[in-house]
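Here is the structure we will look at.
The values are calculated or read from the model by the stated rules, or taken from the named source; none is laboratory data. All figures in this text were calculated on a predicted structure; none of them were measured in a lab. Cβ placement follows ideal geometry from the backbone for every residue including glycine, while neighbour counts extend to all protein chains displayed. These area figures cover heavy atoms from the full protein model, side chains too; ligands, DNA and RNA do not enter into them. Shrake-Rupley method; radii C 1.70, N 1.55, O 1.52, S 1.80 Å.
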Amino acid sequence: SGLIRTALMNMDREAKEYYEVIIQAKDMGGQLGGLAGTTTVNITLSDVNDNPPRFPQKHYQMSVLESAPVSSTVGRVVAKDLDEGINAEMKYSLVDGDGLDVFDINTDPNYQVGIITVRKPLSFESKKSYTLKVEGANPHLEMRFLNLGPFRDTTTVHISVEDVDEPPVFEPSFYFVEVPEDVEIGTTIQIISAKDPDVTNNSIRYSIDRSSDPGRFFYVDITSGALMTARPLDREDVSWHNITVLAVELNNPSQVGSVSVTVKVLDVNDNAPEFARFYEAFVCENAKAGQLIQTVSAIDRDDPQEGQHFYYSLAPEAANNPNFTLRDNQDNTAWILTRRSGFRQHEQNTFYLPILISDNGRPVLSSTGTLTVDVCSCDDDGMVMSCNAEAYVLPVSLSRGALIAILACIFVLLVLVLLILSMRRQRKQPYIIDEEENIHENIVRYDDEGGGEEDTEAFDIAAMWNPREAQLVVKNRQDMLPEIESLSRYVPQACVMDNNVHNYVLAKLYEADMDLWAPPFDSLQTYMFEGNGSVAESLSSLQSVTTDSDQSYDYLTDWGPRFKKLAEMYGATDSSGAL
């Protein structure tokens, strides 16, 4: 039939998992002369849960520091299972021992190991070692193989707690203190206690973390831990104080413990009641007696347990006030009423009414507030028309809006006047030279010797090029007043400059030789000078001819009216001849 069946009982996958079988098939019923063929069949045994887990060792020894945090790992245990897959899954648990509430064990699903962790804080001084009984079991069982069990195993774990130098510990771990705000400075309000949990039991020193008490309201004794007040307390300013007290080992200052101390400041009646705000009332001139003009209320910064209640009355000096009276409403408010009628602004336009306010504290505190009452003129409905006595001197027809409009107009007119004055001051002066005057007809002459091309103080030479520019820029010499003469009266003078130039060059040479800061090299200075005695001779056109008859100026008459004066001076006329 070609069926393949097992030939052995109790085959074990853990012993041999793979088999290779060669199958032969023959025809002719297997007789001689028949043909045959073969094939290979690979057989793999699948796993069943027929092997219980076993711990490789029955005792484990572990250690952990007493400062180990909760959930930290202490150690690992593992139970071996020859099966695989789901049949090898493991579940670990603590079944016995004296550390069931201190330690815990979890199963790693990837590696099937048991991880022992810290469940509660440890203390070497309280207990130095623990013993645990750990069980490892298969969660998936097959009923037909139960006779091979049990499918669980146990082992014993000994855990030693190692001592470390721990910081001081406070007992209790939190303090709550209530203190009245009128407590005297230096009063002990609480004893803070801490101890060294180590066997050595080192001495403790106390202090306050100043970042938690920036106002320095409290002080703690360094040895006894007595918490005292260092400054007056005021509940109305700071009602709660949250401070941190530090404890330091004397032999090891690096070990520091801390505890939070909450201080509640209790209220004491130390603030007198006062008006809730500034009150300013008014009374009409036509007010009647008994008319309500103001309701007042008070506030108190204190907070008594039985609640606040205020009492109102007129101050002793105003107890018999003929103008106003007070009624206490017994609900922390009071009414101010008129006692008479017939108020007049011109007689008295303002009244000041002192009011005494008391509280229900122990001791009773009181204060005096002043109510300002203005007398106003009102209409028949009681609406205020004016509270200023000076308003009566104004015309009835002139309203406040009209006054504002008049003042605005006066202000605008004043601004316009100032603007006009300012514009007049900034107006430019008229030009000195007339627009029709020809500047070519005049020559500026000075009694001193000119400086050639460097003489720029006399007038702007640009005016000779363009007469219109003379109206914009007119330069006057700073050192002397110029003399304006007609060109016809100008008499050329001999200009002998040889000695002046020679002396000038010698002076400059001496100055350069004596100057210690002058450049240490020779320099050539060229002076452009012209005139009688110079190499260039005189370049002036005025001295280019000896007499006026050598030059004809008849062409000046053709140049227009601007050169009319010059043509009359140098040109020829019919009656007088050459000038």
Could you grab the pairs with beta carbons closer than 6 Å, sequence gap of 6+ or different chains, first residue in region 491-510 and modelled with pLDDT under 55, second one of a type outside the set (S, T, N, Q) and assigned to a helix (DSSP H, G or I)?
P492/L542
Just to verify a result, which residue in region 144-163, among those that are in contact with a Ser or Thr (Cβ under 8 Å, 6 or more places away or on another chain) and surrounded by fewer than 18 Cβ atoms within 10 Å (Cβ to Cβ), is nearest to Q255 (Cα to Cα)?
E162
Would you confirm, using the coordinates I've provided, whether F103 is at pLDDT 95 or above and of a type in the set (A, V, I, L, M, F, W, C)?
yes
Return the total of residues in region 89-124 being of a type outside the set (D, E) and either open to solvent by less than 20 Å² (accessible area, probe 1.4 Å) or farther than 30 Å from D50 by Cβ (or both).
18
Could you say whether any residue in region 260-268 is open to solvent by 30 Å² or more (accessible area, probe 1.4 Å), more than 30 Å from P167 (Cβ to Cβ) and not β-branched (V, I, T)?
yes
Determine, yes or no, whether E135 is over 60 Å from the mean Cα position of the chain (by Cα) and either open to solvent by 20 Å² or more (accessible area, probe 1.4 Å) or closer than 30 Å to V268 by Cα (or both).
yes
Only listed residue being exposed (fewer than 15 other Cβ atoms within 10 Å of the Cβ), part of a strand (DSSP E or B) and hydroxyl-bearing (S, T, Y), chosen from T372, T325, T368:
T372
Of everything in region 173-211 that's closer than 30 Å to S123 by Cα and hydroxyl-bearing (S, T, Y), which residue is nearest to the chain's Cα centre (by Cα)?
S207
Going through region 273-294 in order, the residues found to be among the aliphatic types (A, V, I, L, M) and open to solvent by 40 Å² or more (accessible area, probe 1.4 Å) are A276, A289, L292
Which residue is farthest from R362 (Cα to Cα), if the candidates are limited to region 302-313 and must be open to solvent by 30 Å² or more (accessible area, probe 1.4 Å) and modelled with pLDDT of 90 or more?
S313
Could you please find all residues in region 164-185 being in a strand (DSSP E or B) and open to solvent by 70 Å² or more (accessible area, probe 1.4 Å)?
F174, F176, E178
Just checking, which of L94, L82 is over 60 Å from the mean Cα position of the chain (by Cα) and outside the structural domain of I23 (by the TED database)?
L82
Being open to solvent by less than 50 Å² (accessible area, probe 1.4 Å) and charged (D, E, K, R), is that true of even one residue in region 20-32?
no
Need the failing condition index for V261 against (1) in a loop (DSSP other than H, G, I, E, B); (2) touching a residue at least 24 places away in the same chain (Cβ under 8 Å), just the number.
(1)
Of the residues G75, G33, which is in a strand (DSSP E or B) and outside the structural domain of T200 (by the TED database)?
G75
Residue check: is P197 modelled with pLDDT under 95 and either assigned by the TED database to the domain that holds D300 or open to solvent by less than 80 Å² (accessible area, probe 1.4 Å) (or both)?
yes
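Every residue, every condition in (1) in contact with an Asp or Glu (Cβ under 6 Å, 6 or more places away or on another chain); (2) in contact (Cβ under 8 Å) with a residue 24 or more places away in the chain; (3) assigned to a strand (DSSP E or B); (4) farther than 30 Å from G369 by Cα, yes or no:
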| residue | (1), (2), (3), (4) |
| --- | --- |
| N202 | yes, yes, no, yes |
| S207 | no, yes, yes, yes |
| A247 | no, yes, yes, yes |
| S254 | no, no, no, yes |
| G257 | no, yes, yes, yes |
Close pairs from region 1-17: first under 15 Å from D83 (Cα atoms), partner not in a loop (DSSP other than H, G, I, E, B), Cβ under 8 Å, at least 6 apart
E17/T44
Criterion first (aliphatic (A, V, I, L, M), part of a loop (DSSP other than H, G, I, E, B), open to solvent by 80 Å² or more (accessible area, probe 1.4 Å) and farther than 30 Å from P304 by Cα) does L141 satisfy it?
yes
